[in-house]
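Inspection log for the structure reproduced underneath, given as structure tokens.
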Amino acid sequence: MRRYGFALLTWGSFVGLAVADGKLEYNRHIRPILADNCFACHGPDSAARKAGLRLDQREAAIEAGAIVPGKPQESELIRRLHAQGSDAMPPPMTKKQVSDEQKKLLARWIQEGAEYQPHWSFIPPVRPSLPDVRNKEWVRQPIDHFILARLEAVGLSPAPEADRRTLARRLSLDLTGLPPDPAEVEAFVQDTSPDWYEKYVDHLMKSPAWGEHRARYWLDAARYADTHGIHFDNYREIWAYRDWVINAFNRNMPFDQFTIEQLAGDLLPNRTLDQWIATGFNRCNITTSEGGAIDEEYLVLYARDRTETVSQVWLGLTANCAVCHNHKFDPLTMHDFYSMSAFFNNNTQRAMDGNVKDTPPVVFVPKFEDRARYEEIGRLKSSLQQQREARTQSARAAFDEWAATAKPENVEQPEPTEGQVFFAALNEGHGKKVQFEAQGAMRSVELSADPEWTEGRFGGKALKLPPGNQLVLPDIGDFDHGQPFSFGCWVKLPGNNVSGAIFGRMDEGNDFRGWDLWVQG
């Protein structure tokens, strides 16, 4: 195996080889000539088309006699390219010129049958035949034929093979995006096994950095971002999708499954949480909640964005132009565009994102290390709910029997006081002082203003605090976060939809750490 660090030549570098050694290709050799010189007047634009002649379609060009496959001498296209005066094409007024070399290519193409090709992304890849080379000893693997053939075609010789330290640096940067670890470089240099190169490649591809590096390119295509994109550009919590992509690369997920789960993972039978997360691909579009934005307009924009993205990523086409008209240089129509956009115009996402990080609909994703326990709890929850329902049914007879003989005085027996840390009857009925029992001892506290005393729930007087007044008990109710406790009270609320804490212990300056009994409305 020959060791390469960087590819110095692109596929386009082999155009000369294809012309010299093989059959001409319409997309590579002919279409650029026609597009530059002919399609403005004889192409897909019906408004600009001259003489009703189309050269962008094989059938139309043959029917008009512009092309006679296998017979360039009988083809009007070739005649007009060599004509003078008013018959000359392109017309002199256009300032376009077809070179002699291009005219020969067009004639040769017609001689070979004038085969057209669809857009490149619609053509299944075919393994090409290996070009012949002179320095056959240099070749170690198939790709060497193409590289060496191009070098020999321009009179160049291959550079000397890189040393191992250079190879280690190139491999690490190419496969992980990171410089190599010095210790690993030394091991690579000193390795005497016959597969020393392959072993280092395998080692780098087992690194988590391999998936992270590869995922960068995919996430760009998926328009991934950690913010909404416009307006306030608030934070967007969608990193679970990013991690899914990284893990998919590190697991070497087959591309067909990679595709299915991102486009329709939520629609798969018995979908997993990971397959649901994969559909985050469709939630990476920019969103807004700007005042004045029109809901229906943005729902259309979201569907359009998803259609264009899927087209570009999986079809290899920029479908954007088909929003307004049929494409002129590939077979994509407005009907095609909106047929596909219908798939993305049927969801529960709102037009306005509310300027919040978790824009509905959302799915709860536990940390990876908590996943197993989370799924176990989900299974237990269903079982416990069934047990509760069974108990409800089985206890009905016993409850009905008890209810038939129950008396108020039995129900209103004193509550158990074991473990009680605070109790306040608040029924003294006079003065500023109120008494309470705290941690087994009776105590009292004086209010800052005269309270009202009103009729109580169980007879006698009950404390009615005026607005802004409160009882402050600094050493009561400071429970640890792992310590279970309960509380309760009898309280009569004023009829003015008041909101606030009846009692509690809350540290407002420390992210509201603590607890309270809160009434809303």
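See the values below:
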item	result
Where a residue in segment 119-142 is closer than 16 Å to LEU24 by Cα and its partner, wherever it lies, is open to solvent by 80 Å² or more (accessible area, probe 1.4 Å) and in a helix (DSSP H, G or I), with Cβ under 7 Å and at least six apart	PRO131/ASP21
Hits in segment 311-337 - residues which are open to solvent by less than 10 Å² (accessible area, probe 1.4 Å) and within 16 Å of GLN262 (Cα to Cα)	SER311
The listed residue being modelled with pLDDT of 95 or more, surrounded by fewer than 16 Cβ atoms within 10 Å (Cβ to Cβ), out of contact with any strand residue (DSSP E or B) (no Cβ under 9 Å at 6 or more places or on another chain) and not in a loop (DSSP other than H, G, I, E, B), out of GLU184, GLU152	GLU184
Subset of segment 282-301 [under 30 Å from PRO118 (Cβ atoms) and crowded, with 19+ Cβ neighbours inside 10 Å]	ASN282, CYS284, ASN285
Count - residues of segment 279-293 that are free of Cβ contacts under 8 Å to residues at least 12 places away in the same chain and either among the aliphatic types (A, V, I, L, M) or in contact with a Leu (Cβ under 9 Å, 6 or more places away or on another chain) (or both)	0
Residue satisfying condition, being within 21 Å of PRO414 (Cα to Cα) and touching a strand residue (DSSP E or B) at 6+ places or on another chain (Cβ under 9 Å), within set PHE458, PHE436, PHE512	PHE436
Total residues in segment 472-521, condition assigned to a loop (DSSP other than H, G, I, E, B), over 45 Å from the mean Cα position of the chain (by Cα) and either within 20 Å of ALA441 (Cα to Cα) or not basic (Lys, Arg) (or both)	15
Lone unmet requirement of (1) open to solvent by less than 30 Å² (accessible area, probe 1.4 Å); (2) outside any loop (DSSP other than H, G, I, E, B); (3) in contact (Cβ under 8 Å) with a residue 60 or more places away in the chain for TRP276	(1)
Within segment 221-257, considering residues that are hydrophobic (A, V, I, L, M, F, W, C), under 18 Å from PRO208 (Cα atoms) and crowded, with 17+ Cβ neighbours inside 10 Å, the one farthest from the chain's Cα centre (by Cα)	PHE249
Residue count for segment 476-521, restricted to those that are open to solvent by 70 Å² or more (accessible area, probe 1.4 Å) and on the phi > 0 side of the Ramachandran plot	3
Selection from segment 300-357 of residues that are among the small types (Gly, Ala, Ser) and either part of a loop (DSSP other than H, G, I, E, B) or under 23 Å from PHE255 (Cβ atoms) (or both)	SER311, GLY316, ALA319, ALA351, GLY354
Elements of type helices (runs of 4 or more DSSP H) contained in segment 35-111, each with 3 or more residues being open to solvent by 40 Å² or more (accessible area, probe 1.4 Å)	58-63, 76-82, 100-111
Subset tally (residues that are under 55 Å from the mean Cα position of the chain (by Cα) and either surrounded by 10 or more Cβ atoms within 10 Å (Cβ to Cβ) or under 30 Å from GLY459 (Cβ atoms) (or both)) for segment 395-415	3
Among residues of segment 453-471, those that are closer than 18 Å to PHE503 by Cα and open to solvent by 90 Å² or more (accessible area, probe 1.4 Å), counted	3
Subset of segment 368-394 [open to solvent by 90 Å² or more (accessible area, probe 1.4 Å) and over 30 Å from ARG242 (Cβ atoms)]	LEU384, GLN386, GLN387, ARG388, GLU389, ARG391, GLN393
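Every residue, every condition in (1) free of Cβ contacts under 8 Å to residues at least 60 places away in the same chain; (2) closer than 27 Å to ALA215 by Cβ, yes or no:
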{"site": "ASP266", "(1), (2)": "yes, yes"}
{"site": "THR309", "(1), (2)": "no, yes"}
{"site": "LEU315", "(1), (2)": "no, yes"}
{"site": "ASN320", "(1), (2)": "yes, yes"}
{"site": "ASP336", "(1), (2)": "yes, no"}
{"site": "SER339", "(1), (2)": "yes, no"}
{"site": "GLY354", "(1), (2)": "no, no"}
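The values are calculated or read from the model by the stated rules, or taken from the named source; none is laboratory data. Keep in mind it's a predicted model, so treat the numbers as computed, not measured. Positions of Cβ are backbone-derived with ideal geometry, glycine not excepted, and every protein chain shown enters the neighbour counts. Calculation scope for accessible area: heavy atoms of the full protein, side chains included, ligands and nucleic acids excluded. Shrake-Rupley method; radii C 1.70, N 1.55, O 1.52, S 1.80 Å.
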